[in-house]
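Participant: There's a structure below that I have some questions on.
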Amino acid sequence: MSFSERQTHFFRAFLEVVVPEANEDVVGVADRMVSSKPAAIQKKMRLFMFVANILPFFRFFRTFPSLSVQKRERFLRWLATGPVGLFRLGFWGLRSVALLAFYGDEGSWKGLEYGGPIVDRPRRLDLPVDPYDTLGDA
Amino acid sequence: MSSPEYDVVIVGSGAGGGTIAKRLAPLIEKGLRVALLESGPRYDRTYFNQREADMQSLFWEGGAWLNPEGTLQMVAGRMLGGSTPVYTGVTFKLPDDVCREWNVPTLTVEDLAPRFSRLKEEVGAAELPPERINKNNELFAAGAEACGMKTIKLEINVRGCKGYGFCNLGCASGAKQSTLEVQIPSAEEAGLEVIHNCHVRRVEDGRVHAEVLRAPEGSTPNERPEGKISLSARFIVVSAGACSTPALLAASQLPNMSPTLGRFFTVHPSLTVNGTHPEIVDSHLNFPKAYYVDDFSKSHDVYLETAFYYPGVTAKNIDGFGVEHLRRMKKYRHMMAIILLNHDAATYENRVAAEPGTGRPVLEYQLSEASIRSLVQGQREAARVFFAAGCTEVYVPSAPDGMITRDQKDDIDQLVTVERYQKGRIISSSAHPQGGCRMGTDASDSVCDPYGVVHGQPWLRVADASLFPKSSHVNPYLTVMALSDRVADRLIDDLA
Ligand SMILES: Cc1cc2nc3c(=O)[nH]c(=O)nc-3n(C[C@H](O)[C@H](O)[C@H](O)COP(=O)(O)OP(=O)(O)OC[C@H]3O[C@@H](n4cnc5c(N)ncnc54)[C@H](O)[C@@H]3O)c2cc1C
Ligand code: SF4
């Protein structure tokens, strides 16, 4: 697992707004996807989640997950198109993870009438090693 | 620590490394000792399960290798075969005028012509038979022609394609002619030694330093134990791809390297855009790509090619989120798809660097204003094609809320604007990294000579897309193979 409890809590609240049809399985798929990223990218994503979690406190006196869905949406819209490049980047990056996790996996396919794979092969869930994270200095 | 002796060690097994291995096969049969080291795992075609979420692991950085400014996501394969097991197989010769513009001595249209013919035959490149052309392609051709554009048929390198349509997740039938299916097996038959999960960290005169990594479940197990290895070799050919070769050479800290190492890195920044058609299109089924339009290549540096994507990447490409995004995605099966490929300028500033300490390649690429203008014009032209083909809505990220409806179709130029290409929100992608070890005659402005010999290091060769001095304009794999074929010529001479 790469998401901490607080991050999982944040991501669920994020998903509810960004991909309203997503269910709990998507959190697991997204977690796996984030784990497959290099450590430095994972760190940036975690930092974005931390900031986006507490930022609403300064305006609404609540953290992101405790806001109503409408307020969460307003806040995310501000991050998504607002003037702060790093917030935009963080938002669109995490949105990509959420969408890939939902639409890239079976749970969404029926709703799209997408047939999924044509061949019948086992799941491939073991992640390869990132050579630059695991090795010491060159 | 083992120290076997090799005549040649090849680093990387994609279009470049695979071509070198194949060319050396007759000599390997006669006793030449050659090893091919690949950082990624060895998967055979039965590994590819056509599931988007699972197959992210076939790519470096999960298929989304970001540049620091966050405007570009690089997609590059990391497995035996490099990017070729996931390429679409679109086959282009380097255009004659681009070859002349490259202005590399001995690299002429006449020199390349017979190589292209032979290589095309080797990978079975030809136009698709009519039964393999899907509805997205038919609609694209009709729409583009209605707009007065000239559509041209693509040549594709498949043999016995089953039309699964999952080409970018690995061809489950082996029909796509990748180096995993063609060049590497034929060289292995001759006696080539392949070491997969073998990540090269540093090269020096006569030696390669690497580490054998864990083999993921379901992939071919390692023959060598995990851990550091050091191999001695007379010649080293680096074919780690344009994202990795410059970083590997930089991390190796070789003496007297050209100041242009890593520089003039180009990527063909691209966007995939969609339109929804009243009928079911299923652009992901059958063979995904059959046509392109080059009418805007000279005027706006952009090509339009038919495209396809599975739901996850399609969802990412479509602007917005929440209920409205869901509404758009519900039309997935009705979506047409076009990819816009900008041939970007090669500039000194854009480069691949090596992260200090780890040697991780850092893609210091900045998307230029010129590229943004090209991609905006490409979106406008694609929108016209979609509407002419009968689409009711078009999703292009530089329109307000990322969408144009049919009743707005006469206002495309006003709606799709450069100002609406907001960096950070719109992320272009690339599957065509090029340059960084450009060829030339002088070490002050090139890294390699016209035959891939690194200036000042006669033992070291480069054979991959990093050799390109500028963008190839077109999809690059055949040019990578042809340049590597030239590198093999010189190497074979030098081995003699
Ligand atoms: C999804 C996708 C679709 C594409 N479709 C097309 C197409 O239709 N037509 C076309 O012309 N082109 C296409 N391309 C591009 C084409 O695949 C590349 O241009 C071509 O493969 C480049 O060849 P290369 O040898 O430079 O690099 P690659 O083929 O990428 O091979 C480089 C190899 O080196 C390995 N490597 C990297 N670092 C190290 C290291 N330190 N140690 C050991 N090994 C290392 C990598 O893992 C990789 O296997 C596509 C690419 C992708 C990703
Ligand atoms: S469409 Fe053809 S080439 Fe592509 S994955 Fe399917 S069988 Fe392979």
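Participant: Summarise the partner chain shielding of A:103-112 as one whole number: the mean count of Cβ atoms from other chains within 10 Å of each residue's Cβ. Kindly include the intermediate steps, with their values, before the conclusion.
Facilitator: Numbers: counts 11, 12, 6, 2, 0, 6, 3, 0, 5, 8.
So the per-residue partner count for this stretch is 5.
Participant: While we're on this one: How charged is the neighbourhood of B:C171? Take every other residue with its Cβ under 10 Å from the Cβ of B:C171, and add Lys/Arg as +1 and Asp/Glu as -1.
Facilitator: Charge balance near B:C171 sits at +2.
Participant: Which value results for Rg/Rh of the protein assembly as shown when Rg is the Cα radius of gyration and Rh the Kirkwood radius based on the inverse mean 1/r?
Facilitator: 0.96
Participant: With charges only on Cβ, +1 for K and R and -1 for D and E, what is the dipole size of the protein assembly as shown about its Cα centre, in debye, rounded to 20?
Facilitator: That gives a dipole near 1480 debye.
Participant: Out of A:H9, A:A52, A:V69, whose Cα points farthest toward the positive end of the dipole of the range A:5-109 (charges: +1 Lys, Arg; -1 Asp, Glu; placed on Cβ)?
Facilitator: Final value for the positive-end residue is A:A52.
Participant: How high is the relative contact order of the range A:5-109, in percent, with contacts defined as C-alpha pairs under 8 Å that are six or more residues apart?
Facilitator: 35 percent
Participant: Could I ask something else about it? Please sort B:21-33, B:327-339, B:102-114, B:176-188 by packing, taking for each peptide the average over its residues of neighbouring beta carbons within 10 angstrom, highest first.
Facilitator: The peptides rank, most packed first, as B:176-188, B:327-339, B:21-33, B:102-114.
Participant: Is there a simple number for the mean count of other chain Cβ atoms within 10 Å of the Cβ of residues in B:360-371, and what is it?
Facilitator: 1
Participant: For B:I229, enumerate residues with amide H under 5 Å from its amide H, sequence gap 5+ or separate chain, H modeled in the peptide plane.
Facilitator: The list, which skips near neighbours in sequence, is B:A210, B:E211, B:V212.
Participant: Follow-up. Shape of the range B:117-160 from its Cα gyration tensor (a ≥ b ≥ c, root eigenvalues): rounded if a/c is under 1.5, otherwise prolate when a/b > b/c, or oblate?
Facilitator: Judged from the Cα gyration tensor, the range B:117-160 comes out oblate (a/c at least 1.5, b/c at or above a/b).
Participant: Against the longest principal axis of chain B, how steep is helix B:15-29, in degrees 0 to 90 to the nearest 10, with axes from Cα atoms?
Facilitator: 40 degrees
Participant: Restricting to Cα pairs below 8 Å that are 6+ residues apart, what does the relative contact order work out to for chain B? Please round to a whole percent.
Facilitator: 23 percent
Participant: Using helices alone, I'd like the mean residue ellipticity at 222 nm for chain B: each DSSP H run of four-plus residues gives -39500 (n - 2.57), total over residue count, nearest 500.
Facilitator: It lands at -7500 deg cm²/dmol.
Participant: From the residues B:L94, B:A142, B:G17, which one has its Cα farthest along the dipole of the range B:1-157 in the positive direction, the dipole being from +1 and -1 charges on Cβ of Lys/Arg and Asp/Glu about the Cα centre?
Facilitator: B:G17
Participant: If each of A:D25 and B:H209 carries a label point 7 Å out from its Cα toward its Cβ, how far apart are those two points in nm?
Facilitator: Roughly 4.7 nm, to one decimal.
Participant: What's the local net charge at B:Q73, with K and R +1, D and E -1, over the other residues with C-beta under 11 Å away?
Facilitator: My count for the surroundings of B:Q73 gives 0.
Participant: Which net charge results for the neighbourhood of B:E5, defined as the other residues with beta-carbon distances under 15 angstrom from its beta-carbon, given Lys and Arg at +1 and Asp and Glu at -1?
Facilitator: 0
Participant: Oh, and also: In the protein assembly as shown, what % of DSSP beta bridges are antiparallel (nearest 5)?
Facilitator: 70 percent
The numbers here are math on the coordinates, done by the rules we state, and not lab data. Values in this document were obtained by computation on a predicted structure and should not be read as measured data. Cβ coordinates were reconstructed from backbone atoms using ideal geometry, including for glycine residues, and neighbour counts include every protein chain displayed.
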